[in-house]
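Okay, so here's the structure we're looking at.
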Amino acid sequence: MSETIPLQRKPPDPNTLRGLVFAATGYDVRRCGRCSYCVKHARPDEEDLSLEMLLQLVLQNDDEVLTSKTLWSDGVLTRVRNMCISTMDMPAIMQALRDEARKRGLVPAQTTG
Ligand code: SF4
């Protein structure tokens, strides 16, 4: 009789944006299925990136995400609480990214967050 061998997923590299989000929140941003639900509900006055694009930049380890208007918008932070179809906790992910931006000294000047 053969045994079932459990799949072992390697956690993402903690030195990447994806890895630090995973370490801080337990969410792997690869769960984003790019369904565009959050894009359809975007508010251009508060966002320069959709949440979908924000997560894609995290996957690409692009630190442009850390200074984006979307990341630092308190309106977005409040509004996206139950936004993600993949049930990721977007406010927790945004807070982890804000923490990393603060560590790197990348908080936009007009931001108090
Ligand atoms: S709703 Fe969630 S899964 Fe869908 S595109 Fe936006 S972040 Fe990705």
Handout entry: region 25-41, subset within 12 Å of the chain's Cα centre (by Cα) and surrounded by fewer than 16 Cβ atoms within 10 Å (Cβ to Cβ), residue farthest from the ligand (Cβ to nearest atom)
Key = 26
Practice task
Considering each residue of region 96-106, count those that are on the phi < 0 side of the Ramachandran plot, free of Cβ contacts under 8 Å to residues at least 40 places away in the same chain and out of contact with any Gly (no Cβ under 7 Å at 6 or more places or on another chain), and give that number.
Solution key: 3
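Here are 92, 101, 96: which of them is under 15 Å from the mean Cα position of the chain (by Cα), outside any loop (DSSP other than H, G, I, E, B) and surrounded by fewer than 19 Cβ atoms within 10 Å (Cβ to Cβ)? Talk me through it step by step, then tell me what you get.
Values: 101 fails: surrounded by fewer than 19 Cβ atoms within 10 Å (Cβ to Cβ); 96 fails: surrounded by fewer than 19 Cβ atoms within 10 Å (Cβ to Cβ).
The unique qualifying residue is 92.
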Exercise for the section: Return only the number of the condition from (1) of a type in the set (Gly, Ala, Ser); (2) out of contact with any helix residue (DSSP H, G or I) (no Cβ under 8 Å at 6 or more places or on another chain); (3) modelled with pLDDT under 90 that residue 105 does not satisfy. Expected result: (3)
Exercise for the section: Tally the residues that are within 16 Å of the ligand (Cβ to nearest atom), assigned to a helix (DSSP H, G or I) and in contact with a helix residue (DSSP H, G or I) (Cβ under 6 Å, 6 or more places away or on another chain), restricting the search to region 62-89. Expected result: 5
Practice task
Answer yes or no as to whether residue 13 is of a type in the set (Asp, Glu) and either buried (at least 19 other Cβ atoms within 10 Å of the Cβ) or over 14 Å from the mean Cα position of the chain (by Cα) (or both).
Solution key: yes
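Could you please let me know if residue 44 is more than 14 Å from the chain's Cα centre (by Cα), more than 20 Å from residue 15 (Cβ to Cβ), part of a loop (DSSP other than H, G, I, E, B) and touching a residue at least 40 places away in the same chain (Cβ under 8 Å)? So that I can check it myself, show each step before the final result.
Working: more than 14 Å from the chain's Cα centre (by Cα): yes; more than 20 Å from residue 15 (Cβ to Cβ): yes; part of a loop (DSSP other than H, G, I, E, B): yes; touching a residue at least 40 places away in the same chain (Cβ under 8 Å): no.
So residue 44 fails the test.
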Handout entry: Looking only at region 50-61, and only at residues there that are within 11 Å of the ligand (Cβ to nearest atom) and more than 18 Å from residue 25 (Cβ to Cβ), the one that is modelled with the highest pLDDT
Key = 53
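The values are calculated or read from the model by the stated rules, or taken from the named source; none is laboratory data. Computed from a predicted model, the values in this text were never measured in an experiment. Because the Cβ atoms are built from the backbone with ideal geometry, glycine has one as well, and the counts that use them run over all protein chains shown.
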